[in-house]
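Report on the following structure.
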Amino acid sequence: MRHEIGPIIQEDRDPQKILRALARGCGGVIVDTPLPEAVTREFEACVATGRVPVERMEESPPTILADEAAPGHARWSYQQEGLSETHRWLMDEFKWAAQSGLCRKPEKNFGKQNMLRLWLNNGQYLPWHFDRTFVEIYPDSHTHIGGKGLKVAAPHRPLTLTFSENRTSPHLLIPGTPENLREQPSDKDVARKLKAYLQGLGVDILRLQPGQTLFFNQKCLHSSASHGSTRLRAGIF
């Protein structure tokens with residue numbers, strides 16, 4: 001399938017400016033948000049403890065659930081030990097985005113009612129892709145906390161590229177390569193070739209910094225952090 005990828009811009013923390021940019025055809029809008037020191041300390045402490053908290057969060061990541069009886073109509077599924085400040089900050093960010101119309105609203109159930117997914121791992125390596133969701137109504141977002149962060153392709157002008165037919169997150173295909181490329185999402189060599197292909201087209205590769213939020217639509221091409229990088233990231237809400 002052919003799909004247009006739009007430019008990525010940075011904007012103020014102004015909901016109307018963000019929504020207007022997405023409506024104009026931008027692939028995504030990066031917004032800077034101060035990252036509280038308490039959150040940074042929790043992230044560093046969690047990484048320093050080794051694989052135990054990592055595996056626990058991979059097995060059962062904390063999520064925000066729609067709950068009409070809870071304040072703001074949303075609540076955490078549970079409190080991960082040692083991450084209370086992170087939970088508090090993310091819930092505030094979620095409320096701001098939801099009230100501003102910048103993400104799925106709490107009453108709109110999605111999947112297993114996951115409104116915000118938080119996880120820590122040692123490197124999930126995925127090819128470049130775009131997320132095909134209900135972005136015609138609400139933008140999606142990634143809020144980055146620590147580690148190397150999400151990589152975002154930022155063309156200087158709208159760019160039409162070829163993708164796999166994957167139903168949820170179509171992967172970028174290099175012209176002339178077989179479509180079964182999408183069956184190898186963990187192949188680092190495939191990921192390197194895709195990145196080189198983008199750079200050959202003159203596409204800048206941005207990396208989200210801690211505290212930044214990316215509000216995006218189906219015109220946003222992105223990939224996971226690089227292999228081996230431990231990161232704590234909140235997304236998608």
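The values are calculated or read from the model by the stated rules, or taken from the named source; none is laboratory data. Values in this document were obtained by computation on a predicted structure and should not be read as measured data. Heads up, the Cβs are rebuilt from the backbone with ideal geometry, glycines too, and the neighbour counts pull from every protein chain shown.
Worth a mention:
- Residue satisfying all of: in region 23-38; more than 18 Å from the chain's Cα centre (by Cα) and of a type in the set (Gly, Ala, Ser); surrounded by the fewest Cβ atoms within 10 Å (Cβ to Cβ) among these: ALA23
- The one condition from (1) in contact (Cβ under 8 Å) with a residue 60 or more places away in the chain; (2) crowded, with 17+ Cβ neighbours inside 10 Å that GLU44 does not meet is (2).
- Candidates VAL135, VAL190 - the one that is buried (at least 17 other Cβ atoms within 10 Å of the Cβ), modelled with pLDDT of 75 or more and aliphatic (A, V, I, L, M): VAL190
- Contacts under 7 angstrom Cβ, first residue in region 1-14 being in a loop (DSSP other than H, G, I, E, B), partner among the basic types (Lys, Arg), 6 or more apart: GLY6/LYS219; PRO7/ARG157; GLU11/LYS17
- For region 113-122, the condition holds for at least one residue, the condition being that it is aromatic (Phe, Trp, Tyr) and either assigned to a strand (DSSP E or B) or at pLDDT below 90 (or both).
- Apart from one condition, LYS148 fits all of (1) at pLDDT 75 or above; (2) out of contact with any Asp or Glu (no Cβ under 9 Å at 6 or more places or on another chain); (3) basic (Lys, Arg); (4) in a loop (DSSP other than H, G, I, E, B); the exception is (1).
- Condition check for VAL54: at negative phi, assigned to a helix (DSSP H, G or I) and modelled with pLDDT under 65: yes
- Summed over region 24-40, the residues that are modelled with pLDDT under 90 and not in a loop (DSSP other than H, G, I, E, B) give a count of 2.
- LEU65 crowded, with 16+ Cβ neighbours inside 10 Å and at pLDDT below 90: yes
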